[in-house]
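What follows is calculated from the coordinates using simple rules that are stated; it is not laboratory data. Everything numeric here is computed off the predicted structure, so don't read it as measured data. Note that each Cβ is placed from the backbone with ideal geometry, even for glycine, and that neighbours are counted across all protein chains shown.
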Amino acid sequence: MRKIKEATVANTFYTGSAEDLILQIQNFKETSKNLYKYATRAVIVPHAGLVYSGRLAYEGISQLDKGIKNLFIFAPSHRVGFNGIAISSYDAWETPIGTSDVNQEICKELHDKFGANLNDDAMAAEHSIEVELPIIQSVFDNVKIVPVLIGKENPEIIRNIIETYYPDKENGFIISSDLSHYLNDEKAKAADKVTANMIETGNIGNFRYEQACGAVGIAGLVTFANTHKFSMIRIDLANSSEVSEDKSKVVGYGTWFLYEGDKNEFIAKYHPAFVIDICKIIIQSEFDQKPMSIIYPQVFDQPGACFVTIEKNGHLRGCIGSIVAHRPLITDLVEHAKDAAFKDTRFSAVREEELPELKFAVSILTEPRKIVFDNEEQLMEKIVPNEDGIIIRDGDFQAVYLPSVWAELPDKTEFMKSLKKKAGMDENHFSETFEAFKFHTIYIKER
């Protein structure tokens, strides 16, 4: 006889009425802010009561590839303390709208290979797995679940499990986690912004349980992403006050998905029109002298550095940017669009009547990496034409060329001489304090 786990948090974390639950999830679909067609195989989603965090959970789970057959759910244990990770002996888990079969073959492998222990007592009243199931059941027609409850454990075991099962494209992964707990709205937003930045940059060395109850699962997935040079793309950040209207004590929520590539590549693929349009809109708004409220995809809230280039009739009309990400990309983009139009000292300010003749391009930069060399000959050997952007620095002198400059200066020697002159150095300058850095760009150009 099949062993079925009955729903234990229905009527508390979500409605026990099948009809109402279906309508609620349909509402999440209709109000979703996520429009990406990219099919991921790993997400971070919240697990609070569906009325508070259900929309964000839906946005993440609906982003998963519909070809997934086995869905791992890594969730923290809130009610029962234990060491390691726990699995379920149940053949299926039930909710008011359906039953999700458990892949017991994989559960056995987790026991044999990773020391996971059966712990139905810990699973019994735990909400962090069950609350995801109604959404999973509404999104997938036929998927088995692998419920994994996390006790006191190192994130490395989660990374190892993902590493082991990720090569099979029929496997997907949910990290179930809320963010900050019971701070006021202002402090919660600040704390969750720090957490979001750590997830999105991959800098999780100081990640703490206080930032997210599912910190172990999050750290495991982010470490996996770092290993493969994948990116965590934010869908949304919110907190419980958006529903409760109580800003005194809130719980934070965030949703991210794993992208098999670089964040800047993702932006160029899915948002090229937005990048160009926002440059035009923000410059026009300066002439209109009207305050602007910009609605933008959350990925632009992640740190980023860019250059905005303006051309007129094929000739440069302005170009200004940042070489190091120090603020949200949307802020960098907006400010440099204005600066390229009005503050590039090589040109007069753009006039409104010129706007129809202007063409825009945006270069989004990777983080600069220092080039190690003993002499100028070694430096030149490590520069790749048409690929590397170069920053040089010596004392107070500094200059940067984007990779696009190689089209005008294809010779390495001439490229470097010109860059030195731009920095205010002699074209043959070199010293023991001379530094150089390289970076790459994603180039988005108006057609």
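Both numbers refer to the Cα atoms of segment 109-184; Rg and Dmax are 14.2, 44 Å. Answer with a single label: of [x] 25, 55, 21, 0; [y] 23, 46, 25, 5, 0; [z] 23, 52, 24, 1, which was calculated as P(r) over Cα pairs in 20 Å bins from 0, in percent from the structure in view? It is the one labelled [y]. Report the local net charge at ILE73: Lys and Arg +1, Asp and Glu -1, summed over other residues whose C-beta lies under 10 Å from its C-beta. Every neighbour counted, the sum reads -2.
If amide hydrogens are placed 1.01 Å from N in the peptide plane, which non-local residues have theirs closer than 5 Å to the one on ASN239? Those qualifying (amide H under 5 Å, at least 5 residues apart or on another chain) are TYR253. Just name one of TYR52, THR31, PHE173: the one whose Cα is farthest towards the positive end of the charge dipole of the chain (beta-carbon charges, Lys/Arg +1, Asp/Glu -1). The Cα lying farthest towards the positive end belongs to THR31. Each of ILE320, ASN203, GLN302 was placed along the dipole of the chain (beta-carbon charges, centred on the mean Cα), and the one lying farthest toward the positive end is ILE320.
For segment 268-365, the spherically averaged projection of the C-alpha convex hull amounts to 6.3 nm². Phi angles of segment 81-86 translate, via the Karplus equation with coefficients 6.51, -1.76, 1.60 and θ = phi - 60°, into HN-Hα couplings of x, 6, 8, x, 10, 10 Hz per residue; Gly and Pro are given as x. May I ask which of LYS263/LYS359; LYS338/LYS382; LYS370/LYS420; LYS269/LYS290; LYS187/LYS343 have a Cα-Cα span longer than 29 Å here? Table pairs above 29 Å Cα-Cα are LYS338/LYS382; LYS269/LYS290; LYS187/LYS343. Under a 5 Å amide H cut-off, with hydrogens placed 1.01 Å from N, PHE13 pairs with nothing among residues at least 5 apart or on other chains.
Sparsely packed loop sites in segment 348-421 (the trypsin sites (Lys or Arg not before Pro) outside DSSP H, G, I, E and B with at most 14 other Cβ atoms within 10 Å) comprise ARG351, LYS382.
Between the residues GLY395, TYR443, PHE415, the greatest Cα displacement towards the positive end of the dipole of segment 378-447, with unit charges on the Cβ of Lys, Arg, Asp and Glu, is found for TYR443.
Of the trypsin sites (Lys or Arg not before Pro) found in segment 43-134, those that fall in a DSSP loop while having at most 15 other beta-carbon atoms within 10 Å are LYS66, LYS69, ARG79. The Cβ shell under 10 Å around GLY321 holds other residues with a net charge of -3, Lys and Arg each +1, Asp and Glu each -1. As a ratio to 2.2 N^0.38 Å, the alpha-carbon radius of gyration for segment 288-446 is 1.12.
Taking each pair of different alpha-carbon atoms in segment 4-261 once, compute 1/r for the pair, average those values, and report the inverse of that mean as the Kirkwood hydrodynamic radius in Å to one decimal. Taking every pair of different Cα atoms in segment 4-261, averaging 1/r and inverting gives 18.0 Å. Secondary-structure-derived ellipticity at 222 nm for the chain, considering helices only, amounts to -10500 deg cm²/dmol, per-run term -39500 (n - 2.57) for DSSP H runs with n ≥ 4. Restricting the GluC sites (Glu not before Pro) of segment 164-273 to loop positions (DSSP other than H, G, I, E, B) with no more than 13 neighbouring Cβ atoms within 10 Å leaves GLU245.
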